[in-house]
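Working notes, beginning with the structure itself.
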Amino acid sequence: MLLLSGTFAAIGQPLNRPTYAMMVQTAEEQMEKKDYYRALEWYEKAYDESKEIEMAIIIADLSYVLRDYRNAEKWYVRALKPTRKNKKVDEYQDKRFEYARSLKMNEKYDDAIEEFNKFISISKDPVRQELAELEKVGCEFGRVAKPVDGVTITHGGKEINGKNSEYSPFLSADNKEMYFAALVGDDIIEVNQKPVDDGKTKVDLGVKADEESGDYFSKIYKSTKGDKGWGKPEALDQNVNRPEFFNVNNSISPDGKRMFFNRELLDGHLLKESKIYMSENNGGTWGAANEVKGVNGDFVAKSPCVGELFGKEVLFFVSDMEGGQGGYDIYYSTYKGNGQYGDPVNLGPKLNSIGNEDTPFYRDGVLYFSSEGHPGLGGYDIFMSTWNGTMWSKPTNMGKGYNSSVDDLYFMLDKEGYNGLLASNRIAEGSRSVHSKTCCNDIYNVLLKKIDADVLATAFDLETKEPLSGVTFELIELQGENPKSVETKTNGTSNNYDAVLELDRSYIIIASADNYENDTVRFNTVGLFDSKSYKERLNLKPGRIVKKIVRNEPFVLENILYDFNDDKILPPAEGDLQVIFDLMNTYPDMVIELSSHTDARGTDQSNNSLSQRRAESARRWLTGKGIPRARIEAKGYGETQPKTIDSKANAKFPYLKVGDVLTEEYINALLPDSVKFEDAHQLNRRTEFKILSGPTSITIEEEQLIQIGNRKIDPNAPVAEPKKEEKKPASGRKPAPNRNRRGNAPGGDSIQPAPIKLDFAPVEKDSIIIDKLSSLYGKKDLKGLPIMQFETRIYDMGQIKKGDLKEYTFHFTNLGDVPLDIDIVSVCECTSYELGPSLVKPGEKGWIKVIFDSNKKDESDTSDVDVYLKNIDPEIDAPIFERVKFKYELIQ
């Protein structure tokens, strides 16, 4: 019996069994290698020997990071449960946050809320407390959320989904191919995107090498769709998949010609470096990838995707650069051409939370992205936000189905909007994982049922409530800065109008009728998950007397008149321009021509130039108030289209007969009556507008007609103060165009410059002082612009005896990074000037000498010297403007 007993003891305690100390040492060695899976195995073995609470916390944390939430929950319970042996439980109360999130990931929402409350009550970390409050909101949502109707999510199949994670699935333009990233083989172990202590997502990919092949880097693959689903993928060549890098986060431009992706370096499981690259498709082959200029730096830049903002192509991407809202934020950079992108712009706190955002995808004015900072069902949830041309809407959770209780990322849709893809570590039929059920992402197909939308609009008399016939309905699609008229239809004897609508669009319907005020209604089809018929009622107020203006029919703006040989619009013009501004807002799809005409005095060349400047001056007033430049065509006709007298002009000037054309010969025949002569010339100096596209006709109300016809200025419309002195150009110099300057007048001072006080305060930007007398004053981004830095902006000439000449030279340096090109220098009639080099390279100096002739002045004053550059400020689409001054005391 003793012999048998010894034999059993030998079997129960084999001589080669590792000791507790050896187990801990092996686990710590694996941790140093950042091989967390093997470390976890050894820690669990060591815990069986010691039952130490510190080890239970380590095991729970490792399970949490490895996205094994069931195991994490089990170990956190063990570590945080007060027992007689567990005397250190109070030291680990901050781990209740991870415990609560594990419960949430396991869809135990009530228990998770309870644990989040416990964490909030004991935590001293305000950021994590705020995150916990958001997590509670997500749990409340999860308790009641029901699967979204109309969407089917299915596993992508075993051909493309291995046991390790797949990333960034993206459809080709024809939907026949899919590109995605994946780790090599089924033996490679990975960790995916979990926050570490500082709240930032630092873990993106974690691997254990395939010991046989030595190849453990992720690659980008292509799979072709067949009758039975996605086929066996093939890795792209080394033009894209560069050896020794993790190649991941791929997306394709809408035209299918460019692929954007990341090349990443890891330190174990931690993301060390991530930069954005681009490869172009030439004849079906992806070319050598180049690093994208303008978006990479000493920070992580990942998850790139092409989009559009303000009518220009942009690149959305994710970064942890300084100045963000939380961990990883979404940014965009505007494409400037030649492979260059502008400075990154943060999308702001509405979209970027104090947590992490990732995997943006843009389609037709909607940005889809994943977030763990906005309240959601699980970890990363998919959200959507709509761009209205000026701002983003509040992000909307896509709902259950799109989202699960764990991580859902890389959502995308095809051009039609019915087929898409996403990647998730959800537990679903067909899902495969190398370790726990939720450790690894698989690719899923997204199929949306076809959704229809239409509208039925009805018109009624507001006072009688009776149906109103003979109403014209115009349906307008709002597309940021470029609204589009979809249809205009008059309903005849009925009072209704119906139309089929596109999805994910914003619309406006304008109803108009003779002797009625217009009524409008706005609605959108964004985010529909089921078919919908919109029923809209429009109530038109009776009593309006209107004038109809037909497309391509010129309409004279009678108050926009000009002095001889000048492009400055006189102060009464703001009333007419305000009417045009209001009409442009009422008809957001309307594109107009603003045309300007001169009298016959002067050469053809000078008149053509002057009229073009006059038309552009009126356009700048409107664009300065927010009307997109593309909706206004400024056209100068010079003297080529003399005015034909109509009944209105005849009523005002009876000596001009209806039908008379104010040619130069006709006007000369009015002499020697100089009053009639000047009146006729001034009638030719006019600005007109006509509709080029959009509504076939518009209506102007009686009040507006009175304002235009009688030169009545709207008392609510701000009118800039006129200048005390109208400055004339120096002899032999062409007049300076009245170009956009930054001032206090509405939309800039392209109508009349606002007075500039002398007690100004310069503003310093990036060690360069931008003076208030410069149109660059207040700009944050000075890249690509010349900076005209004067040694003196305001010079005091002191006392000058009448009849004397006084000179002063203003010296300046170009502190910008592009050449400075002077176009025009404008001074008063009392001053002449000499100009040094008109083209001044960066870092070089220039000068402007002014010669003041006191004979032409009768009192002390301050005179302006206005400098217009050929360089355009792209923000306001106008030439850069600079001003210096000299003042003097005139003595007799």
What pairs can you find where one residue is in the range 485-510 and farther than 16 Å from L540 by Cα, the other is among the aliphatic types (A, V, I, L, M) and surrounded by fewer than 14 Cβ atoms within 10 Å (Cβ to Cβ), and their Cβ atoms are less than 6 Å apart, with a gap of 6+ or different chains? D498/L456
For the range 134-159 the number of residues that are touching a strand residue (DSSP E or B) at 6+ places or on another chain (Cβ under 7 Å), buried (at least 18 other Cβ atoms within 10 Å of the Cβ) and more than 14 Å from G401 (Cα to Cα) is 1
Taking the range 143-181 on its own, how many of its residues are under 25 Å from P360 (Cβ atoms) and outside any loop (DSSP other than H, G, I, E, B)? 16
Quick check on L315: is it aliphatic (A, V, I, L, M), surrounded by 17 or more Cβ atoms within 10 Å (Cβ to Cβ), at pLDDT 95 or above and touching a Gly at 6+ places or on another chain (Cβ under 9 Å)? yes
Testing T154 on (1) of a type in the set (S, T, N, Q); (2) over 30 Å from M178 (Cα atoms); (3) in contact (Cβ under 8 Å) with a residue 24 or more places away in the chain, one condition comes back false. Which one is that? (2)
Only residues that are touching a residue at least 24 places away in the same chain (Cβ under 8 Å) and either surrounded by fewer than 18 Cβ atoms within 10 Å (Cβ to Cβ) or under 17 Å from T792 (Cβ atoms) (or both): list them for the range 858-872, please. D858, E859, S860, D861, T862, S863, D864, V865, D866, V867, K870
What single numbered condition from (1) surrounded by fewer than 17 Cβ atoms within 10 Å (Cβ to Cβ); (2) more than 27 Å from D442 (Cα to Cα); (3) in contact (Cβ under 8 Å) with a residue 12 or more places away in the chain fails to hold for D90? (3)
Of residues in the range 666-699 being assigned to a loop (DSSP other than H, G, I, E, B) and of a type in the set (G, A, S), the one surrounded by the fewest Cβ atoms within 10 Å (Cβ to Cβ): A669
Any residue in the range 679-692 that is more than 24 Å from F581 (Cβ to Cβ) sitting within a Cβ distance under 9 Å of a residue that is of a type in the set (S, T, N, Q) and surrounded by 18 or more Cβ atoms within 10 Å (Cβ to Cβ)? List the pairs, counting only those 6 or more apart or interchain. N684/T598
Looking at the range 330-340 only, could you name the residues that are modelled with pLDDT of 95 or more and either under 27 Å from P126 (Cα atoms) or more than 13 Å from the chain's Cα centre (by Cα) (or both)? I330, Y331
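Rundown of residues vs (1) over 16 Å from V314 (Cα atoms); (2) open to solvent by 30 Å² or more (accessible area, probe 1.4 Å); (3) without any contact (Cβ under 8 Å) to a residue 12 or more places away in the chain, yes/no style:
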| position | (1), (2), (3) |
| --- | --- |
| N338 | no, yes, yes |
| P344 | no, yes, no |
| L347 | no, no, no |
| L351 | yes, no, no |
| I354 | yes, yes, no |
| E357 | yes, no, no |
| V366 | no, no, no |
| P375 | yes, yes, no |
I'd like to verify a number: residues in the range 648-665 that are within 21 Å of L557 (Cβ to Cβ), open to solvent by 50 Å² or more (accessible area, probe 1.4 Å) and part of a loop (DSSP other than H, G, I, E, B), how many? 1
Looking at (1) open to solvent by 10 Å² or more (accessible area, probe 1.4 Å); (2) at pLDDT below 95; (3) touching a Phe, Trp or Tyr at 6+ places or on another chain (Cβ under 7 Å), find the lone condition where K394 falls short. (3)
Being of a type in the set (A, V, I, L, M) and open to solvent by less than 10 Å² (accessible area, probe 1.4 Å) is the filter here, so list the residues in the range 63-85 that pass it. L66, A72, A79, L80
Is at least one residue of the range 519-529 closer than 20 Å to R363 by Cβ, outside any strand (DSSP E or B) and modelled with pLDDT of 90 or more? yes
Number of the condition not met by V827 [criteria: (1) out of contact with any Ser or Thr (no Cβ under 8 Å at 6 or more places or on another chain); (2) open to solvent by less than 10 Å² (accessible area, probe 1.4 Å)]: (1)
If I ask for residues that are surrounded by 19 or more Cβ atoms within 10 Å (Cβ to Cβ), more than 29 Å from the chain's Cα centre (by Cα) and not hydrophobic (A, V, I, L, M, F, W, C), which ones from the range 480-527 would you list? N491, N495, Y497, S512, Y516, N518, D519
Answer from G323, G327 - the residue that is touching a strand residue (DSSP E or B) at 6+ places or on another chain (Cβ under 6 Å), assigned to a loop (DSSP other than H, G, I, E, B) and either at pLDDT below 95 or open to solvent by 30 Å² or more (accessible area, probe 1.4 Å) (or both): G327
Failed criterion for N855 (all others in (1) outside any strand (DSSP E or B); (2) of a type outside the set (D, E, K, R); (3) open to solvent by less than 60 Å² (accessible area, probe 1.4 Å) hold): (3)
Within the range 603-647, residues being part of a loop (DSSP other than H, G, I, E, B) and not basic (K, R) number 12
Just name the residue that is surrounded by the fewest Cβ atoms within 10 Å (Cβ to Cβ) out of those in the range 103-130 that are free of Cβ contacts under 8 Å to residues at least 60 places away in the same chain and basic (K, R). K124
Quick check on my filter: what residues within the range 571-612 are among the hydrophobic types (A, V, I, L, M, F, W, C) and either under 36 Å from the mean Cα position of the chain (by Cα) or crowded, with 21+ Cβ neighbours inside 10 Å (or both)? A573, L577, V579, I580, F581, L583, M584, M590, V591, I592, L594, L610
What are the residues in the range 282-312 that are over 23 Å from the mean Cα position of the chain (by Cα) and either open to solvent by less than 10 Å² (accessible area, probe 1.4 Å) or within 21 Å of F361 (Cβ to Cβ) (or both), if any? W286, A289
Within the range 448-455, is there a residue that is assigned to a strand (DSSP E or B), over 35 Å from the mean Cα position of the chain (by Cα) and farther than 30 Å from K225 by Cβ? no
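The values are calculated or read from the model by the stated rules, or taken from the named source; none is laboratory data. Fair warning: this is a prediction, and the values are worked out from it, not measured in the lab. In this analysis, Cβ positions are derived from the backbone assuming ideal geometry, glycine residues included, and neighbour counts consider all displayed protein chains. Note: areas computed on protein heavy atoms with side chains; ligands, DNA, RNA excluded. Shrake-Rupley method; radii C 1.70, N 1.55, O 1.52, S 1.80 Å.
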